[in-house]
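Worksheet: the structure to be examined is printed underneath.
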Amino acid sequence: MAARTPYRSFRGISAVAALLAIGAVGCSDVSDAVDSAKDGAKKVARQRSVFSLDIGDCYNPTGKAEGTAYAVEIVPCDEAHEGQVVGEFAIDKGKEYPGDDEVSTIADNRCPVEAQKYAPDTWALPKGVALFYYTPTKESWATGDRAVSCTYTAEKGTFSGSLNTAKSLKPEQNTYLKGSNAVYEALWANQPEKDTVEDDLAGYKAQAKAVAAALDTHVKDLDGIEGTEIGKLRTTLTKAAGNWKKAANAGDADAFYTAYDPAFTDIDPNKSVAARKELGLATTVPADEAEAWAS
């Protein structure tokens, strides 16, 4: 899933004052103005520095969703909000700022992993929610800022409720999601930069090896879960693992393609819907994943 970067800033939050001007107006207008003033005061009271974000915080950005950010409005998760912090980690890169691109690369790689600890089932996320992150800037790095806050944020509109589902999942659900997430993470995290196998056979073989290893672990873990549909999925994924291994050991591009086509087809998310239903998990394939296999 794509991630975008609303940067932190080294500057603190500025003092905010709410000014009201009530002139000669009717009672209903006064009442509306008072209600508006209360809402404004509540919003001001909820302002927090972006540096104070903690895992689980639900919030609304005070500015654009992307760019330099100084503060956010922290809100109860049962209220409509635009984002929730679902993971955090520190960048360990010495004293010198590693640069915007390197910081973004680190966040791209780590945030999906951290987010899955908090909300393991990405299929259950509200529609239109995507992974974003707050990262240090060069200026904030100089003040000691090393934290990356990973958030799920609505690209349009808002959502309600906490995304913290990890603690409510049953052991077999967690086992399934851990293995399934690892398979797709191996696929996308190891995607070669070149568009064709002919231009980077070694890179595509390395990707296939990583996916095969993840599938082996996933299939092994599924052995401990009962269910007719789980059994069918285990058979499909065992076959897929074999083809990914063939792709990983391909002697040339043609051999790779021959193994890759059925290997990729057999990890189509649609093939796991019945097993997910049997486990009581979300069964709607996310749009970006459905698009990847449809093409």
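Under 10 Å from the Cβ of GLY161, count the other residues' Cβ atoms, weight Lys and Arg +1, Asp and Glu -1, and hand me the total.
My count for the surroundings of GLY161 gives -2.
Sort LYS205, LYS95, LYS117 from largest to smallest accessible area, using a 1.4 Å probe on the heavy atoms of the protein chains.
Largest to smallest exposure gives the sequence LYS95, LYS117, LYS205.
Note down the relative contact order for segment 174-265 as a percent, whole number, built from C-alpha pairs under 8 angstrom at least six residues apart.
On the way: 101 pairs, mean separation 26.5, N = 92.
Value for segment 174-265: 29 percent.
Express in nm, to one decimal, how much length is gained between GLU155 and ASP92 on full extension, taking 0.36 nm for each residue of separation and deducting their alpha carbon distance. Can you show the working numbers first?
On the way: separation 63, 0.36 × 63 = 22.68 nm, distance 2.98 nm.
Additional length available on full extension: 19.7 nm.
Accessible area per residue of segment 128-217 at 1.4 Å probe, in Å²? Provide the component values of the computation, followed by the final result.
Details: 4300 Å² over 90 residues.
About 48 Å² of surface per residue is accessible.
Once you have the Cα-Cα distance between LYS138 and VAL113, take 0.36 nm times their residue separation minus that, and quote the gain in nm to one decimal.
Details: separation 25, 0.36 × 25 = 9.00 nm, distance 2.46 nm.
Stretched out fully, the LYS138 to VAL113 stretch lengthens by 6.5 nm.
If each residue of separation counts as 0.36 nm, what is the full-extension length gain between LYS271 and THR62 once their alpha-carbon separation is subtracted? Walk me through the numbers on the way to the answer.
Values: separation 209, 0.36 × 209 = 75.24 nm, distance 4.15 nm.
Length gained, LYS271 through THR62: 71.1 nm.
Students often forget the sequence filter, so: which lysines lie under 24 Å Cα-Cα from LYS156 once same-chain residues fewer than 8 apart are removed?
Straight-line reach from LYS156, under 24 Å: LYS42, LYS43, LYS64, LYS127.
Sort the following peptides by mean Cβ neighbour count (other Cβ atoms within 10 Å, averaged over residues), highest first: 108-115, 237-244. It would help to have the intermediate numbers written out before the result.
Working: 108-115: 18.2, 237-244: 21.6.
Output ranking for 108-115, 237-244: 237-244, 108-115.
As a test of understanding, state the convex hull volume per residue of segment 199-295 from its alpha carbons, in Å³. Intermediate results must be reported in sequence, preceding the final value.
On the way: hull volume 9.1 nm³, N = 97.
Once divided by residue count, the hull of segment 199-295 is 94 Å³.
With each pseudo-label sitting 7 Å past Cα toward Cβ, what's the ALA147-SER52 distance in nm, one decimal?
Inter-label distance under the simple model: 1.1 nm.
What does the net charge come to around ALA202 if you take all other residues with beta carbon closer than 14 Å to its beta carbon, with K and R at +1 and D and E at -1?
Values: positive: LYS194, LYS205, LYS209; negative: GLU193, GLU198, ASP199, ASP200, ASP252.
My count for the surroundings of ALA202 gives -2.
May I ask you to list the residues of segment 171-201 whose amide nitrogen lies under 16 Å from a point 7 Å from Cα along the Cα→beta-carbon direction of GLU289?
173-189
Express the relative contact order of segment 87-181 as a whole percentage, based on alpha carbon pairs under 8 Å and six or more residues apart in sequence.
Once normalised by length, the contact order is 36 percent.
For a 22 Å ceiling on Cα separation, which of these pairs sit above it: LYS245/LYS277; LYS194/LYS246; LYS117/LYS232; LYS117/LYS246; LYS93/LYS205; LYS117/LYS138? List each step's numbers first, then the result.
Working: LYS245/LYS277 29 Å; LYS194/LYS246 20 Å; LYS117/LYS232 27 Å; LYS117/LYS246 32 Å; LYS93/LYS205 30 Å; LYS117/LYS138 29 Å.
From LYS245/LYS277; LYS194/LYS246; LYS117/LYS232; LYS117/LYS246; LYS93/LYS205; LYS117/LYS138, over 22 Å: LYS245/LYS277; LYS117/LYS232; LYS117/LYS246; LYS93/LYS205; LYS117/LYS138.
Whole-Hz Karplus ³J(HN,Hα) for segment 102-108, in order, using 6.51 cos²θ - 1.76 cosθ + 1.60 and θ = phi - 60°, x for Gly and Pro?
Using θ = phi - 60°, the values come out as 5, 4, 5, 4, 4, 5, 4 Hz.
The values are calculated or read from the model by the stated rules, or taken from the named source; none is laboratory data. None of the values given here were measured: they were computed from a predicted structure. Note that we place each Cβ from the backbone using ideal geometry, even for glycine, and neighbour counts take in every protein chain shown. All accessible areas refer to the heavy atoms of the entire protein, side chains included, with ligands and DNA or RNA removed. Shrake-Rupley method; radii C 1.70, N 1.55, O 1.52, S 1.80 Å.
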